[in-house]
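Working notes, beginning with the structure itself.
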Amino acid sequence: MGFPLPSGYENAFRGLIFFCIRHVSISNTSGGLNITIATRESRLALWQAEHVKSLLQALGHRVQLLGMTTQGDQILDRSLSKVGGKGLFVKELEVALQEGRADIAVHSLKDVPMDLPEGFALACVMEREDPRDAWVSPGCDSLADLPQDAVVGTSSLRRLVLLRESLDRLGRQDVRIEPLRGNLDTRLRKLDEGQYHAIVLAAAGLKRLGLSARIRAIFAPEQSLPAAGQGALGIEIRSDRTDLMQALSPLVHMGTWLRVAAERTVSRAMGGSCSMPLAAYARWADEGASHALCLEAAWGDPEGRTPVVRVAETAPVETLAQAEALGHRVAQALRAGGAQVAGG
């Protein structure tokens, strides 16, 4: 599916398509750039950084990694919603960019705050992996198979409200949903130790690490609507690094960028963070010339006092401005349906 350059981003993306070809030839003759990638040191974060490294090396650049431990990695005894949100996973990486110790930072886009600090820019969104949630359990095929008084683990308020909705529909008020923190390997270890009967994780991370065999089932979006940006990788740079903007342009997947721009706009308009029980997921309604984007969103009360609010809207989208406009309309519909803005 082809897309024109996004309106409103002309300066940052001027000549994006033409520079892709031109830059590759320049890189091969001039030796390319020296690029240091700031990355968290979890196995999944390192996989993501190594993936970007290999793609940039294939374009003629010299790339090395700078491994870092973030505050989000260090605080494991409290939920993210109570200690500052998922921005704790990116702050130290941004400091490395600011100080010149690194050139780019590779993020799981769902961990990136909706508004970046002044002086930073999202330079690239790559093609999306599977955005859905995965059910991981040693002995239960689904929610309906859970034993009496079972424990399900998740670190996400979004998953909590959607799981509780499904469990209530099954009449399974006996099932407890308990917090689950740590990197992917830690969460799987806690499951294997018997602390939980099942856990819910992002399918993308399991697939990227070759752990697809651990997936018992995949939730359809209708069952567990994904988080904004889930499954997509974003690359952050200092906003004055136009050389990196050009170097990263061959890695841009505009179809994914338009989808996650719509999703992240919903979250931004709702004051979204990990303390917001909010889902937003966009998918192309067809592969034809209309470029129709269907954006779904859901909001739930963590205390279960009100039903989950769900809305959906489809509109032609060919630019980031149009994607963001769709996101604003969906956020407005959520509020009209009773969803509460964070801090409101």
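The values are calculated or read from the model by the stated rules, or taken from the named source; none is laboratory data. Owing to the predicted nature of the structure, the values given are computational and were not obtained by experimental measurement. Cβ atoms come from the backbone with ideal geometry, glycine included; neighbour counts cover every protein chain shown.
Remarks
- The condition (being farther than 28 Å from residue 301 by Cα, more than 15 Å from the chain's Cα centre (by Cα) and not assigned by TED's automatic domain parsing to the domain that holds residue 269) is satisfied by just one residue among 244, 211, 191, 160: 211.
- Of residues in the stretch 210-245 being farther than 13 Å from residue 104 by Cα and either hydroxyl-bearing (Ser, Thr, Tyr) or touching a His at 6+ places or on another chain (Cβ under 8 Å) (or both), the one surrounded by the fewest Cβ atoms within 10 Å (Cβ to Cβ): 212
- In the set 159, 101, only one residue is touching a residue at least 60 places away in the same chain (Cβ under 8 Å) and either surrounded by 21 or more Cβ atoms within 10 Å (Cβ to Cβ) or closer than 23 Å to residue 179 by Cβ (or both); that residue is 159.
- Answer residue from the stretch 174-212, given it is modelled with pLDDT under 95 and polar (S, T, N, Q) and is nearest to residue 308 (Cα to Cα) among those: 183
- Matching residues, the stretch 297-312, being β-branched (Val, Ile, Thr) and in contact with a strand residue (DSSP E or B) (Cβ under 7 Å, 6 or more places away or on another chain): 308, 309, 311
- Taking the stretch 162-183 as the range and being buried (at least 20 other Cβ atoms within 10 Å of the Cβ), basic (Lys, Arg) and touching a Ser or Thr at 6+ places or on another chain (Cβ under 7 Å) as the test, no residue passes.
- Condition met for residue 342 (surrounded by fewer than 18 Cβ atoms within 10 Å (Cβ to Cβ), among the small types (Gly, Ala, Ser), under 30 Å from residue 173 (Cα atoms) and in contact (Cβ under 8 Å) with a residue 60 or more places away in the chain): yes
- Tally of residues being surrounded by fewer than 20 Cβ atoms within 10 Å (Cβ to Cβ) and in contact (Cβ under 8 Å) with a residue 12 or more places away in the chain across the stretch 192-209: 4
- Filtered residues of the stretch 35-87 (kept if of a type in the set (A, V, I, L, M), modelled with pLDDT under 65 and surrounded by fewer than 19 Cβ atoms within 10 Å (Cβ to Cβ)): 75, 76, 83
- Residue pairs whose Cβ atoms lie under 6 Å apart, sitting 6 or more positions apart in sequence or on different chains, and linking a residue in the stretch 171-186 that is of a type in the set (D, E, K, R) to a partner that is in a loop (DSSP other than H, G, I, E, B), are 174/148; 174/149; 181/76; 181/155.
- Complete set of residues in the stretch 318-339 that are over 15 Å from residue 297 (Cβ atoms) and surrounded by 15 or more Cβ atoms within 10 Å (Cβ to Cβ): 318, 319, 320, 322
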